[in-house]
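For reference, the structure discussed in these notes is given below.
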Amino acid sequence: MSMEVLKIKGGATLNGKIKASGAKNAVTKLLVASLVSDKKCIFYNVPNIGDVEVTVALCREIGAQIQWDKEAGIIETVTPELKTSYVPQRFSGANRIPILMMGALLSRTDEEIIVPTVGGCNIGPRPVDFHIEALRTLGAVIEYRGMKREGAYFAHAHNGLNGAVLNLPYPSVGATENSILAAVTARGTTIIKNAASEPEIFELILFLQKLGACITVDVDRTIRIQGTRRFYEVEHTVIPDRIEAVSWGIAAIATKGRVFIEGANHEHMITLLNKVREVGGGFDIKKGGIEFFYDGPFQGDIHLETDVHPGFITDWQQPFVTLLTQATGTSVIHETVYENRFGYTDTLVEMGADITLFRQCLGGKECRFATQSHAHSLIVKGPTPLTGGQIQIPDLRAGFAYLMAALIAEGNSTISGLRFLDRGYEAIVDKLGNLGVEVTRVKEQVKKEKEAPTLVAK
C-alpha cells in the first residue's frame, strides 16, 4: 500500500509572493445556500480543495446541477428541483456541511429531511444543540434516531416555517448560518440575537440578498430576515481565505522571511495583526494585499485568548503557538471556542517545544469550559530548537502548524496525513515552491495496518 507524503528540508526562509485562495468556510456554505432556490448561481474564486469537492458531491446528491472549472476557479450551479432530502451516511464524517443542509432544505421543502451526525476535525464534540433549538423555534420538528453505524437527525416542517425571535446562547457560526438559511423562506420576520459576525457570515448574507432575501444586520449582533419566496440569478466572487492568509503570513515571520499575500484583507485580521507586532513580526498593508515579515527579535511573554470574530479566532492559534516556540519568554494561550484544540501540541513537544497544558482558564476571564475537565489553556516557553522527523497530521489546522514546524526545524521532515491539509489549503506544494522551500510530494510504501489512521477523515 502507498500514501502521499510531503518531504521538506528544514531551516527554510520563506520569501516571495502568493495569492490567498477563496475562503473554504465561505464557498462551502454558499453552495449549500444556493439550494434554497431554483435559480442559477455562479461563483468565482473557488478554491480547488477537499472540502469543496465534498460539498459539490453533497449538493449534487440533493439535486444540484453543477459545472466546476477547477482551473478557472468557477462553479456554476442550479437546483431546479430536489432529487432527495436524504443526506447519505457516507457524508457524515466528511466535514461540517451536512448539518447546514437542514436549514437549507427546511427552507426549500416540507418533506421529511434526514441529515447524518456532524463530522469535521477532531477538536471537540461541537454539539448541534444551538442549531436544533433555533430550527425548532422556527417551527421545525426534529428528532435524533440511531441508525446502522451512526445517528441521524430527522426533520420536517410540513406546514412551513414561521418567523420568530431566536436567542443564541453563544454566537455559534454554524447555528447562525443554519438559522439564516431556514429563515429565508419562513413566513414573517425572524430576528437572530447574539448572532455570529464572522466575515463568512456577512458573505452568506450578501449572497442571499443577491438571491432575493431581505436581510439587515444591527450593530449588536442582531440579524433580521423577512421571509420571501421570490429569487433571482446570482453571480458572486468568494472572499479570500483569511485563515489561509494568516497561516502563510505567520509562517513567513517564523522563518524570518518576507512574503506578500495577495488578497489578504486588513479588516478581517485586525486582532491578529496586533499580536504579530507584539511578538516580533511585521506587516505592511499594501494595494491588493498584506506583506508579512520578520521584524525581530522574537519576544514572547504575551497572553492570547481565542474568541469569536472580531477576536483572535481559534484557527489562528495553532500557527501562532508554533511561532511562539521560537520567541523568548513565557506565553499563555487560553482557548475559549473549542474545548479540545490543543491535541496538536504533543507532536510539537516531540519535536522539541516546551508546552504545558492546563485544565484551568489561564487569563483574564473564565470561559464556558471553566468547570469542565478539558485541557483548554497552555503555557509555551521559548525559544526552543525544533528537530524534524516523521510527522502525521491529525486535523486540518494542526496540519499547517506541523508544516510550519517542519520549515523551522533542523533536518528533514516527512509529513503524512495530507488529506487533512488538502481539505483547506490549495496548491500547497506549488506555493511552498514559489516561496523558495525545498519540498516534494511523493508516494511512499507503508504497511497496511499503519495506513488506516492516516486516511480516516474526521
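Every read-out reported here was derived from the displayed coordinates using simple, explicitly stated rules and does not represent laboratory data. Predicted model only: the values in this text are computed from it and were never measured. Heads up, the Cβs are rebuilt from the backbone with ideal geometry, glycines too, and the neighbour counts pull from every protein chain shown.
How high is the relative contact order of the chain, given as a whole-number percent (alpha carbon pairs under 8 Å, six or more residues apart)?
21
Skipping prolines and chain starts, which residues have an amide H placed within reach, meaning under 5 Å, of the one on Leu386, given they are 5 or more residues away or on another chain?
The answer is Glu410.
Amide H neighbours of Gly63 under 5 Å, counting only residues 5+ apart in sequence or on other chains, H built in-plane at 1.01 Å?
Lys83
Cβ neighbours within 10 Å, averaged per peptide: list 177-189, 300-312, 420-432 in order, most packed at the top.
Put in order of decreasing packing, that is 177-189, 420-432, 300-312.
In what sequence do Tyr86, Tyr402 fall when counting other Cβ within 10 Å, fewest first?
Tyr86, Tyr402
Separation of region 168-229 and region 341-414 by C-alpha centroid, Å?
Region 168-229 and region 341-414 have Cα centres separated by 35 Å.
In a shell of Cβ-Cβ distance under 12 Å around Asp218, excluding Asp218 itself, what net charge do Lys and Arg (+1) and Asp and Glu (-1) give?
+2
As an exercise, use a Förster radius of 35 Å and the Cβ-Cβ distance of Lys365 and Arg224 to find the FRET efficiency, rounded to the nearest 0.05.
E(calc), rounded to 0.05, equals 0.70.
How would you rank Thr77, Thr55, Thr137, going from fewest to most other Cβ atoms within 10 Å of each one's own Cβ?
Values: Thr77 22, Thr55 28, Thr137 18.
Listed from fewest to most nearby Cβ atoms, that is Thr137, Thr77, Thr55.
Give a residue-ordered list of calculated ³J(HN,Hα) values for region 202-215 (Karplus: 6.51 cos²θ - 1.76 cosθ + 1.60, θ = phi - 60°; whole Hz; x for Gly, Pro).
Per residue, the Karplus-derived 3J(HN,Hα) values read 5, 4, 5, 4, 4, 4, 5, 5, 4, 5, x, 6, 9, 10 Hz.
As a test of the formula, what do you get for the chain when each DSSP H run with n ≥ 4 contributes -39,500 (n - 2.57) and the sum is divided by the residue count, at 222 nm and rounded to the nearest 500 deg cm²/dmol? The partial results should precede the final answer.
Values: 14 runs with 141 residues, N = 458.
That calculation yields -9000 deg cm²/dmol at 222 nm.
Using only the Cα atoms of region 24-237, what do you get for the radius of gyration and for Dmax, in Å?
Here Rg and the maximum Cα pair distance are 15.7, 45 Å.
What is the order of Ile270, Ile355, fewest Cβ neighbours within 10 Å to most?
Numbers: Ile270 12, Ile355 21.
With the sparsest Cβ surroundings first, the list reads Ile270, Ile355.
Tell me which of Ala155, Val259, Ala327 sits at the most positive position along the dipole axis of the chain, charges placed on C-beta atoms (Lys, Arg +1; Asp, Glu -1).
Value computed over the given set: Ala155.
Output the direction-averaged projected area (hull surface divided by four) of the convex hull of the alpha-carbon atoms of the chain, in nm².
20.6
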